[in-house]
Each structure stands twice: as C-alpha cells, then as structure tokens.
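Laboratory data are not the source of any read-out in this text; all were calculated from the coordinates shown. Please read all numbers here as calculations on a predicted model, not as lab measurements. Every residue, glycine among them, receives a Cβ derived from its backbone with ideal geometry; neighbour counts consider all protein chains shown.
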Amino acid sequence: MKHFDHLVYLRIHEGCNLWCEHCYIPANPKRMGLDNIATVPKTIAAFAKTGDHVRLQWHGGEPTLVGAAWMREAIEIIEANTDYRWSHDIQTNLMKYSPEWAALFHEHFDSHIGVSWDPVIRMSRKSEDGNARYESGFRVNLAQAVADGLAVSMTITATKPFFERFRNPLQLFALLEDMGVMEAHIERLTKVGRARETWDAIGVRHAEYSHGMSRILRAYQAYLRAGGRVRISPFDSMVEAFISSDAGLGCWSGACDSRFHTIDANGYKSGCTALTSEYDNTRSKANVIRIENIGRARDAHRVNCAACNFKAVCSSGCLALEVEDGSGECSGASRLLGTAQNIANLQAKEMGV
C-alpha cells in the first residue's frame with residue numbers, strides 16, 4: 001500500500017467461466033462497456049488529487065472474458081488521461097490465457113499478473129469431475145504463463161479445505177515452487193455470495209483462521225531460514241509492521257475506508273470488492289453487506305478494540321466479517337497477530353533493534 005495513493009477495483013465483467021464454492025459474485029450479469037471506462041478518470045477525480053498514483057485492479061467475475069483487444073482499448077482510453085499516474089493489476093483464473101493476453105500483460109502490466117487458485121472448491125462446472133477438469137486446464141496455462149516470462153502472484157483463499165489440504169505447510173511451499181510461483185497471498189474468506197450457502201463446508205471461524213494461519217506463519221519462518229524463495233503475504237508485512245511499528249497491514253489497516261474503491265457498470269462504490277461484491281446483483285439471494293458510510297461502520301466494528309494490544313497495526317479487520325463469531329477470537333485475528341509479534345520480537349533481538 002506504500003506504492004500507490006488509491007487502489008481502484010474495476011469490475012469489468014462479473015460473469016465467470018468457472019463454478020466456485022466461495023464465489024463473491026455468483027451469476028451476476030453486469031459488465032462494463034467502453035463508455036463506462038471513459039468515465040473512470042472523472043469518477044476518480046471525486047477522491048484523488050492530480051498527480052496521484054492510481055492503481056487499477058482489473059477484476060470480475062473473470063475479467064479476461066472481455067477479450068484482450070477490448071482490454072487493450074480500455075487501458076488506452078484511461079491512459080489518455082494524464083491527470084494521474086496509472087498502473088495496472090489483474091486478477092484472473094487464467095482459463096482464457098493466450099498469446100494475445102501474454103502480449104498485453106507484458107505491455108501494460110509490467111509482466112506481472114495476479115492468478116487465483118484454490119484446492120477442491122474451484123470447478124470448471126458444478127459436477128463430480130469439475131475440480132479435476134479445472135485443475136488440468138489451469139496447470140497447463142499456468143506453466144505456459146511462467147514459460148512466457150510472466151511473474152505470477154497467486155491468491156489462495158483461506159477455506160476449510162485449504163487448511164485441511166496443507167496441514168503440513170511445507171507441502172504448500174513446495175507446490176508453489178513446483179508451479180513456478182514466487183509470490184502468493186492467502187486471502188481471508190468472507191461470508192458473502194455463494195460462500196453464504198456453502199459456509200458449513202468451506203468456512204472457518206475466526207479462531208480456526210488464526211490457528212491455521214499461525215501454523216503456516218511459523219512454518220514459513222523456518223522455510224525462509226532454510227533458503228526458501230517463495231514470498232507469502234500477509235506474513236512478511238505482519239512481521240515488518242511490528243518491527244517498524246508502522247501501521248499499514250493490508251486488510252487489517254483500515255485502508256479500505258479511504259484508499260480502496262470499486263467501480264462497476266453501475267458506477268462508484270466505496271471500499272474494496274469484498275465489501276461491494278453484492279451491490280446491484282439482481283441474482284443475489286441477499287444483499288446483506290451494503291456499507292453506505294464506511295467511517296460509521298468502522299467505528300461500530302471497533303467497539304471492543306479499546307484495550308487491544310494490536311491497535312497500532314490493526315483497525316479491527318475486514319468490515320465484511322462480523323466482529324465476534326462465538327469462537328473466542330475477533331475479526332482482527334488477535335492470536336495470529338500475537339504470533340507475528342513474537343516472531344518480530346525475536347528478529348528484532350537478533351538484529352539488535
């Protein structure tokens with residue numbers, strides 16, 4: 001977050017070519033046209049200053065369903081505006097990967113792409129062999145992307161099947177290395193979209209999340225000491241935040257309150273895509289997360305934070321999560337933060353800080 005002033009999620013195509021048990025935006029027909037894209041700089045002017053670095057996260061659904069030619073034209077339309085410094089990220093399931101996409105990623109995305117992968121819960125279709133079909137296609141395309149010289153940052157969702165699959169975290173690190181992935185991010189699952197229906201099978205309570213992530217964090221530190229090359233967030237930033245006493249810990253930081261934004265076919269929404277995933281979705285069974293005033297929502301979220309030891313790095317966690325879920329842990333994952341703090345204390349002692 002130190003490398004941009006505003007992060008803007010552009011939900012350009014909210015349909016998808018996969019069926020996933022945790023999908024934020026199931027079966028949403030909305031998509032942006034080039035006329036919508038042309039209004040993006042004007043929309044951004046409501047919260048950004050001239051000269052700001054605006055990082056665009058091309059998102060969905062599955063954004064590559066618009067086609068490489070369409071996205072190239074969309075990027076050119078936006079970059080014709082010189083009021084801001086633009087940079088681009090994309091989050092894709094990689095199923096539509098092609099030479100045309102590779103060329104676009106090298107030209108406009110600094111040869112770096114975000115890729116989503118999850119064990120078990122991602123499927124080419126809702127069927128018994130859906131996951132196997134997905135895996136076979138995904139692995140071929142991922143290997144080609146790596147061979148094409150693209151740096152891949154892989155996002156994995158912290159679900160029950162994920163923690164069960166990687167009870168030994170060293171297996172996760174080895175898998176990432178085998179796939180040629182040098183960066184990964186373990187993302188918190190929120191109870192929105194399809195995950196509301198599948199929560200009993202894939203959801204984790206706050207205490208389970210803290211325990212599972214703490215186990216991976218401890219193994220990750222041993223992995224790095226042994227010369228491991230894959231970098232996994234949010235672990236590094238957690239430890240660094242405690243060493244430097246510098247707030248800015250991803251989804252814990254509260255940056256979504258003023259620096260994260262979403263734009264879709266129907267216009268602007270404040271906050272990241274996890275907070276706005278069900279806005280205007282006519283096919284959603286429930287629109288339970290509709291935060292009109294993030295400031296008030298954050299104040300309500302902090303109701304039990306007054307005596308917390310981690311206020312310097314945590315702003316109560318993601319607003320899409322309930323503060324307490326009966327597991328004895330909070331939405332900020334205080335036990336996980338405690339693990340990070342202990343590791344930071346040991347590292348600081350070793351460095352003589």
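General observations
- Residues in the range 123-156 that a label on D200 would reach, taking backbone N under 12 Å of a point 7 Å out along Cα→Cβ: none
- Convex hull of the chain built on C-alpha atoms - directionally averaged projected area, nm²: 17.5
- Across the chain, Cα pairs under 8 Å and at least six residues apart give a relative contact order of 19 percent.
- Calculated FRET efficiency for the pair D280/S98, C-beta based, R₀ 25 Å, to 0.05: 0.25
- In this structure the amide hydrogen of H88, modeled in the peptide plane, comes within under 5 Å of the amide hydrogens of L56, none closer than 5 places in sequence on its chain.
- Magnitude of the charge dipole for the range 180-233, about its Cα centre and with charges confined to Cβ atoms of Lys, Arg (+1) and Asp, Glu (-1), is about 180 debye.
- Across the range 73-115, Cα-Cα pairs farther apart than 17 Å form 34% of the total.
- With contacts taken as Cα pairs under 8 Å and at least 6 residues apart, the range 1-116 reaches a relative contact order of 29 percent.
- Added length on full extension, which subtracts the Cα-Cα distance from 0.36 nm per residue, A45 to R296: 88.0 nm
- Note on D257 and A348: with the Förster distance fixed at 30 Å, the Cβ-Cβ geometry gives a FRET efficiency of about 0.55.
- With helices as the sole contributors, the chain gives -11500 deg cm²/dmol at 222 nm; each DSSP H run of n ≥ 4 counts as -39500 (n - 2.57), and the sum is divided by every residue.
- Net charge dipole size for the range 1-68 [Lys, Arg +1 and Asp, Glu -1 on Cβ; Debye, nearest 20]: 200
- Extension gain for A306-E164 works out to 47.7 nm (0.36 nm per residue, less the C-alpha to C-alpha distance).
- Selection from C20, I37, A48 lying farthest towards where the dipole of the range 9-53 points positive, charges on Cβ: A48
- Summary of packing: across the peptides 90-99, 208-217, the per-residue average of other C-beta atoms within 10 Å ranks them, highest first, as 208-217, 90-99.
- The residues neighbouring Q57, those whose beta-carbon lies less than 15 Å from its own, together hold a net charge of -3 under the Lys/Arg +1, Asp/Glu -1 convention.
- Farthest toward the positive end of the dipole of the range 6-351, out of G338, S127, L189, is the Cα of G338, where the dipole comes from beta carbon charges about the Cα centre.
- Residues C318, C305 in ascending order of nearby Cβ atoms (within 10 Å, fewest first): C305, C318.
- HN-Hα J in Hz across the range 184-192 - Karplus 6.51, -1.76, 1.60, θ = phi - 60°, x for Gly and Pro: 9, 9, 9, 9, 5, 7, 10, 8, 9
- Spatially, the range 189-224 and the range 121-135 are offset by 21 Å when compared through their Cα centroids.
- Given charges at beta-carbon only (K, R positive; D, E negative), |dipole| of the chain in Debye: 680
- Lys/Arg +1, Asp/Glu -1 at C-beta; the chain dipole; positive extreme among I75, H6, A320: A320
- Checking the Cα-Cα distances for K96/K126; K96/K191; K126/K269; K160/K191; K160/K269 against a 22 Å cut-off, the pairs over it are K96/K191; K126/K269; K160/K269.
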